[in-house]
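The values are calculated or read from the model by the stated rules, or taken from the named source; none is laboratory data. All values reported here derive from a predicted model rather than from experimental measurement. Methodologically, a virtual Cβ is constructed for each residue, glycine included, from the backbone with ideal geometry; neighbour enumeration extends over all protein chains shown. Please note that ligands, DNA and RNA were not included when accessible areas were found on the heavy atoms of the full protein model with its side chains. Shrake-Rupley method; radii C 1.70, N 1.55, O 1.52, S 1.80 Å.
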Amino acid sequence: MQVKLARELGFCFGVKKTLKLFDEMGSDSRGVKTLGTLVHNPQVVSELKARGVGVAYSVDEVDSGTLTITAHGAGPDAYAEAQRKGLRLLDTTCPLVTKVQKIAESLHKDGYQVVVYGDPNHQEVRGIVGWTENTALVSTDAKELVPRLKALTSSKKRVPKKLAVVSQTTQPAERFKSFIAELVSLLPDDFNEFHVHNTICQPTLDRQSAVVELANEVDVMVVVGGRDSANTKHLAELASEEGVPTYHIEWPEEIDPNWFKGAKVVGVTAGASTPDAVIEKVVKTIEAIEPEE
Ligand code: SF4
């Protein structure tokens with residue numbers, strides 16, 4: 001079977017930087033805790049576990065030693081609590097996430113009601129909300145958001161008349177644009193100022209445009225990466241929206257030759273936290289499958 005790779009795929013620089021740091025630590029990484037999983041990829045997570053790197057889901061769970069803030073970042077409370085407990089902090093927040101945190105913080109200080117376009121349960125989004133003193137609203141659905149904004153403006157409390165939107169770094173660009181267009185059309189009159197900061201990161205944009213391009217050149221798409229990985233899930237959705245049969249896998253062993261019946265060319269892409277070794281194994285597995293009419 002012929003395989004065609006997306007022109008941009010796999011590790012982004014933010015993930016590379018974090019993993020390089022752990023590689024350089026070598027055996028010193030034993031006992032280090034990460035605040036949430038370091039990256040949303042099962043192979044990387046199990047490799048780190050084998051090296052003795054643990055995961056804590058809140059600062060409360062760590063009483064001593066080193067705590068790592070992952071590439072997804074964290075809110076100010078996590079830093080303050082770690083300092084109060086005397087923990088050694090290793091901050092590997094991706095600079096592009098820090099940029100969103102700073103924008104959200106400064107908008108909040110300037111009196112804007114901040115909205116984060118993203119998944120409220122994602123580590124990165126929870127961190128960004130933290131930088132707005134937990135006042136930001138999170139949504140990917142303008143119709144769902146507008147009643148919450150109306151409730152804010154009709155409450156007795158003094159509320160901002162200015163609205164600003166930032167995005168989680170890994171959201172699909174086209175959907176962000178549609179969300180903004182719909183929000184503008186539904187926006188309550190009370191808001192007399194509306195700012196949009198497109199904070200989707202460049203590596204995500206590059207991977208998204210590459211997957212759309214590739215999906216139009218192949219018969220089947222295989223997207224490799226963690227099922228919890230936001231950017232990988234979006235790559236699979238984008239490929240599928242192009243009308244090509246798309247399979248999202250975590251492990252090469254999941255590949256089923258039946259997926260490729262009648263196909264000549266298979267496209268492969270991978271999320272920003274997928275190791276090269278996994279991508280290579282996926283490619284080799286597909287290449288070894290005999291095309292079947
Ligand atoms: S996906 Fe973007 S924001 Fe997230 S770690 Fe990679 S480069 Fe940074």
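Listing for the model above:
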| quantity | calculated |
| --- | --- |
| Residues of region 66-78 satisfying the condition of being within 16 Å of the ligand (Cβ to nearest atom) and aliphatic (A, V, I, L, M) | Ile69, Ala71, Ala74 |
| Candidate set from region 22-46 (those that are in a loop (DSSP other than H, G, I, E, B), among the aliphatic types (A, V, I, L, M) and at pLDDT below 90); member that is farthest from the ligand (Cβ to nearest atom) | Leu38 |
| Among residues of region 49-81, those that are open to solvent by less than 60 Å² (accessible area, probe 1.4 Å) and in a helix (DSSP H, G or I), counted | 6 |
| Some residue of region 252-264 being open to solvent by less than 10 Å² (accessible area, probe 1.4 Å) and either within 16 Å of the ligand (Cβ to nearest atom) or in contact with a Cys (Cβ under 8 Å, 6 or more places away or on another chain) (or both) | no |
| Count - residues of region 256-279 that are in a strand (DSSP E or B) and closer than 15 Å to Val223 by Cβ | 5 |
| Residue match in region 201-210 (condition: away from the ligand (no atom under 16 Å from the Cβ) and either modelled with pLDDT under 95 or of a type in the set (Ser, Thr, Tyr) (or both)) | no |
| Options Arg7, Arg30; residue that is open to solvent by 50 Å² or more (accessible area, probe 1.4 Å), on the phi < 0 side of the Ramachandran plot, in contact with a Lys or Arg (Cβ under 9 Å, 6 or more places away or on another chain) and not hydroxyl-bearing (Ser, Thr, Tyr) | Arg30 |
| Verdict on Ser178 being touching a Phe, Trp or Tyr at 6+ places or on another chain (Cβ under 6 Å), more than 30 Å from Gln2 (Cβ to Cβ) and at pLDDT 95 or above | no |
| Residue tally, condition in contact with a Pro (Cβ under 8 Å, 6 or more places away or on another chain) and either open to solvent by 10 Å² or more (accessible area, probe 1.4 Å) or among the β-branched types (Val, Ile, Thr) (or both), over region 130-155 | 6 |
| Residue in region 171-200 that is farthest from the ligand (Cβ to nearest atom), counting only those that are small (Gly, Ala, Ser) and loosely packed, with under 15 Cβ neighbours inside 10 Å | Ser185 |
| Single residue of region 1-23 satisfying the filter (of a type in the set (D, E, K, R) and touching a helix residue (DSSP H, G or I) at 6+ places or on another chain (Cβ under 6 Å)) that is nearest to Thr232 (Cα to Cα) | Glu8 |
| When residues of region 95-114 are limited to those that are β-branched (Val, Ile, Thr) and touching a residue at least 60 places away in the same chain (Cβ under 8 Å), the one surrounded by the fewest Cβ atoms within 10 Å (Cβ to Cβ) | Ile103 |
| Residue match in region 82-94 (condition: open to solvent by 60 Å² or more (accessible area, probe 1.4 Å), over 30 Å from Val282 (Cβ atoms) and out of contact with any strand residue (DSSP E or B) (no Cβ under 9 Å at 6 or more places or on another chain)) | yes |
| Condition met for Asp63 (within 16 Å of the ligand (Cβ to nearest atom) and farther than 30 Å from Glu254 by Cβ) | no |
| Leu19 within 13 Å of the ligand (Cβ to nearest atom), part of a helix (DSSP H, G or I) and within 11 Å of Thr70 (Cα to Cα) | yes |
| Residue satisfying all of: in region 253-273; out of contact with any Ser or Thr (no Cβ under 7 Å at 6 or more places or on another chain) and polar (S, T, N, Q); nearest to Arg7 (Cα to Cα) among these | Thr269 |
